[in-house]
Amino acid sequence: MAGQQFQYDDSGNTFFYFLTSFVGLIVIPATYYLWPRDQNAEQLRLKSLRRVHGRCLWYRLRLMKSQQSIVPSLKKAALLFGWAVFLLLAYKVSKLDREYQEYNPYEVLNLDPGATTSEIKKQYHLLSKKFHPDKGGDENIFMMIAKAYAALTNEQTKKNWELYGDPDGPRATNFGIALPAWIVDQKNSMLVLLVYGLAFMVILPVVVGTWWYRSIRYSGDQILINTTQLFMHFMYKTPNMNMKRLAMVLTAAFEFDPRSNKEATIRPTDNIEVPQLIRELGNINVKKKEPPFCYPYSLKARVLVLAHLSRMDVSEDLEDDQRFAVRKSPALLQEMVNVGCQLTMMANSRGGFHAPRLVSIENCMKLTQMIVQGLQETKSPLLQLPHFEEEHLRYCVSKKYKVRSLQDLVSLKDSERRSMLRFLGEEKYDEVIAVLGSFPHIAMETKLQVLDDEDSNNITAGSIVTVTVTLTRKRMSEVFEKEQDTSACPGEEGANTEEGADASKAKTKVWQNKSKGTKKTAKSKKKKLTKKKAPAAAATAAAAAATAAAAAATTTAAVASKAKQANGNVAGSDALAAAKEEEEEGSDKGSESDEGEANKDSPSERDEESDKQSDTEVDEIAGDDEEQEWEALQQSIQRRERALLETKSKVTHPVYSLYYPEEKQEWWWLYIADRRDQALVSMPYHVCTLKDTEEVELKFPAPSKTGNYQYSVILRSDSYLGLDQIKPLKLEVHEAKAVLDNHPQWDIPETEEEDEEQEDSDGIEESEDDDEDND
């Protein structure tokens with residue numbers, strides 16, 4: 001390109017600009033993402049959890065880690081060093097002289113813009129005497145002064161300065177490269193090529209290849225692809241998987257194989273310690289020769305997980321390996337649940353093989369609870385609490401208390417609970433109550449509907465059913481507070497217990513009768529709305545006459561009773577006579593009014609008015625229902641959009657787990673199942689963001705056959721035993737509406753077709769007449 005020159009930075013000034021920008025682009029984002037969070041805030045959080053979670057294994061490990069870890073200090077040191085380099089480079093850049101600046105001859109001569117010619121000459125003479133080389137001045141400054149004087153006095157020079165910004169006229173465009181010239185020097189060419197080749201042909205391909213090789217081995221949930229294939233093989237092979245078989249499949253995962261995962265280890269001492277644990281555990285299918293269950297890594301992982309469930313002590317050498325296996329198990333079991341759902345969907349859509357049974361998927365969820373709490377399936381949920389041992393359970397399950405679950409323990413009165421747990425002592429009892437109060441109490445509400453349909457409450461065969469489940473989490477301590485509030489007034493409760501029981505029985509019977517009556521009246525109302533109202537009008541007129549007669553009779557009876565109570569026969573006879581007169585007047589007035597109404601409205605007019613009123617009522621009700629359905633549909637759409645845009649945190653509430661080595665958050669599974677057929681109806685939804693309230697939509701296709709179906713909405717915890725909930729879901733499936741082949745709106749009457757043809761013919765004739773006139 002003509003008039004352009006590329007120049008390298010021989011002085012090194014522009015290189016500092018480049019280097020400062022490069023370091024800033026690295027240091028500023030790294031500080032935002034990598035700077036260690038406030039250690040005081042973490043310490044305060046741990047301190048607030050100490051009263052409840054102080055005995056948990058993960059809490060003690062976290063305290064030890066926070067005291068021993070030097071990683072935050074190293075991060076801080078590296079970031080501070082980066083900021084020091086960045087500030088040093090910025091200071092260096094601020095001290096550099098500006099080489100590229102606009103030329104201004106007035107500044108060179110120290111004059112104000114717009115100075116006169118005499119002032120320019122005078123200032124030039126003064127500066128030339130001062131900086132002339134013959135008088136010991138600087139030659140470069142003198143040349144600049146002479147150039148500025150010429151730019152302001154010479155017409156051509158002044159014109160060049162005004163047009164091009166330089167007295168010498170247009171110059172070539174200079175492009176500076178922010179690299180020193182020695183990089184492209186011929187002497188250093190081999191060294192530069194070596195560095196470029198090493199960076200772009202060796203280091204970069206190795207880094208990208210290593211990252212790609214590692215990433216393709218894992219799924220989106222950071223589970224090895226080989227492990228997912230292993231789970232799919234065994235769940236396909238064994239649709240009905242019991243807990244013992246499930247533990248074997250779990251511990252056969254490749255995450256526990258040192259060849260696939262560097263975190264897993266096989267120690268020389270395993271040959272001594274693992275057989276000893278096997279003898280203590282008993283029957284764990286050691287002699288099974290089916291691969292990969294017979295491999296050493298699988299056998300070791302199985303023994304460590306089963307020892308964890310039995311709460312057995314292991315040696316220090318195996319303790320780290322056991323914590324690694326336990327820490328990995330919940331994510332692997334979640335992957336197994338996902339695999340079971342995929343196989344179920346494939347079996348429902350394609351067929352050809354048996355889908356995993358519901359018990360297999362639920363066993364995966366139960367095993368997750370067991371591993372988090374370190375309990376076997378047959379153990380009591382009360383052992384999740386601190387200070388509870390096997391020998392203490394006999395106090396709870398006695399005939400006096402019959403406490404077998406956490407809910408039974410919560411429902412006891414405080415006095416009975418203290419009496420039952422007297423073996424703990426006051427301090428331990430308070431700790432147990434504090435831990436129990438931190439457990440979750442979930443309220444579950446369900447709503448069944450068919451979205452995007454005219455009648456959302458009518459479920460037809462094959463339609464997509466949406467079950468909206470609203471989950472509200474509270475603490476067990478709130479249940480304690482309610483129990484204390486209800487027990488605050490025992491006198492009133494004791495006085496009304498028997499009456500309340502009898503009344504409740506009577507009320508239930510009356511309520512049942514009422515419900516039946518309301519159903520009948522509702523049906524009769526629907527029938528009456530479709531028929532004419534002539535008989536109904538006649539019946540209402542007769543009923544009105546009967547009520548008027550009854551009212552007159554009651555008035556005479558009341559007056560007569562008052563007359564009998566009066567003193568003296570004369571007074572009584574007078575009162576009776578007055579009563580008769582009032583009765584006759586009332587009957588005359590009633591007959592006159594009835595005649596007037598009868599003359600005013602004929603039966604046909606009354607029928608028309610009643611029909612109009614009924615039609616308007618039906619239209620108003622239908623309009624209100626449509627508006628409510630439309631609002632509900634809009635709310636659901638907005639809720640879905642917000643759910644897609646919002647990213648909720650998965651940090652909910654820390655789980656109380658005595659033997660789990662890592663802090664875990666409360667998560668839940670929510671799904672619909674047919675427990676009679678042992679099959680999933682909707683796929684399990686993993687609720688990971690339930691802090692206070694969460695709304696979940698479960699969708700499934702309605703059965704293809706009409707009838708009544710009994711399903712169950714199931715909520716399972718992935719952390720606690722004994723807190724699962726099952727709520728019945730009744731489904732009444734109706735026959736789908738037939739698809740209309742013809743519709744009245746699609747049929748055009750013959751008269752309209754004839755009119756349109758006549759109009760077309762008239763239009764053609766008029767156009768022909770116009771053409772003839774034009775001709």
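Taken together, the values in this text are just the output of simple stated rules run on the coordinates, not laboratory data. Keep in mind the model is a prediction, meaning the values are calculated, not measured. Note that each Cβ is placed from the backbone with ideal geometry, even for glycine, and that neighbours are counted across all protein chains shown.
Sparsely packed loop sites in region 342-413 (the chymotrypsin sites (Phe, Trp or Tyr not before Pro) outside DSSP H, G, I, E and B with at most 14 other Cβ atoms within 10 Å) comprise Phe353. Volume per residue for region 176-335 equals 194 cubic angstrom (convex hull of Cα atoms). Taking all Cα-Cα distances within region 183-259, those exceeding 15 Å account for 70%. Taking amide H as placed 1.01 Å from N in the peptide plane, the amide H of Arg475 sits under 5 Å from that of His441, each at least 5 places away or on another chain. Derived value for region 366-469: Kirkwood hydrodynamic radius 17.0 Å. Basis is the mean of 1/r over every pair of different alpha-carbon atoms. Using the alpha carbons alone, the radius of gyration of region 105-166 stands to its Kirkwood radius in an Rg to Rh ratio of 0.98.
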